[in-house]
Amino acid sequence: SRKLCKNIEKIVEADPKGLLRDPKAIITKAWQENQEQGSSTLVVVTLPPDEARVYASYVGDSGYCILRPDGASWTPVIESKSQQRRFNFPMQLGWGKNGDNPKVALSFIHDVKNGDIIVLGTDGLYDNLNPKQVAQVVSLYLSDNDGKFDGDRIADAIAQEAFRLSLDENYNSPFAQEALRSGHRFRGGKSDDIAVTVGR
């Protein structure tokens, strides 16, 4: 996963103008250059410096949401939808005998406004916090810090809240709600990997 991120950085540096408008091509190139066995969900969101829009592509249940100010608080205006074969069986970019080809990656373009906040996360985030709850954490952080934006600290606050709720056996988590809709019984938060990146 860390090696994949480094691959992505090198790929974008080689052709920033073209690839910043085509995150699916970034995923494909990273997949082609990877030598490791295994599989992973992933999400790539790019913001070309000369456009008021973001380009997004993802495989599986890693995802993103775009938050916009609404008075004194923040609200989600865009949220990705999990890409799954069936409940709790997400698509995964794979290498060797594992996983899916990057052709399955979903791609979107979203108009954005100055000051919008974008939150990317793995399934451990969005299984435990829905985008409205993510927006509440962001609102609370900014309120407590005089509106000063710090992407790393906001990401940490979101990750800590997702981790806290993942351990709560009585919490009606987004994962538990989706399980019920799919005909499964599950109660509480879901322990899983939690990675969060926040940008503005």
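The values are calculated or read from the model by the stated rules, or taken from the named source; none is laboratory data. All values reported here derive from a predicted model rather than from experimental measurement. So basically every Cβ, Gly included, is an ideal-geometry build from the backbone, and we count neighbours across all protein chains shown. These accessible areas exclude ligands, DNA and RNA; they are computed on the full protein's heavy atoms, side chains included. Shrake-Rupley method; radii C 1.70, N 1.55, O 1.52, S 1.80 Å.
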Enumeration of residues in the stretch 121-152 that are within 21 Å of T46 (Cα to Cα) and either open to solvent by 10 Å² or more (accessible area, probe 1.4 Å) or touching a Ser or Thr at 6+ places or on another chain (Cβ under 8 Å) (or both): G121, T122, D123, Y126, P131, A135, F149, D150, G151, D152
In the stretch 121-139, how many residues are of a type outside the set (A, V, I, L, M) and either without any contact (Cβ under 8 Å) to a residue 60 or more places away in the chain or part of a loop (DSSP other than H, G, I, E, B) (or both)? 6
Go over the candidates I66, I26, I8 one by one and state the one that is hydrophobic (A, V, I, L, M, F, W, C) and in contact with a His (Cβ under 9 Å, 6 or more places away or on another chain). I66
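Within the stretch 143-155, does at least one residue satisfy the condition of being in contact with a strand residue (DSSP E or B) (Cβ under 6 Å, 6 or more places away or on another chain), modelled with pLDDT of 95 or more and within 29 Å of T28 (Cβ to Cβ)?
Scanning the stretch 143-155 turns up at least one residue that is in contact with a strand residue (DSSP E or B) (Cβ under 6 Å, 6 or more places away or on another chain), modelled with pLDDT of 95 or more and within 29 Å of T28 (Cβ to Cβ).
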How many residues of the stretch 145-200 are assigned to a loop (DSSP other than H, G, I, E, B), hydrophobic (A, V, I, L, M, F, W, C) and touching a residue at least 40 places away in the same chain (Cβ under 8 Å)? The answer is 3
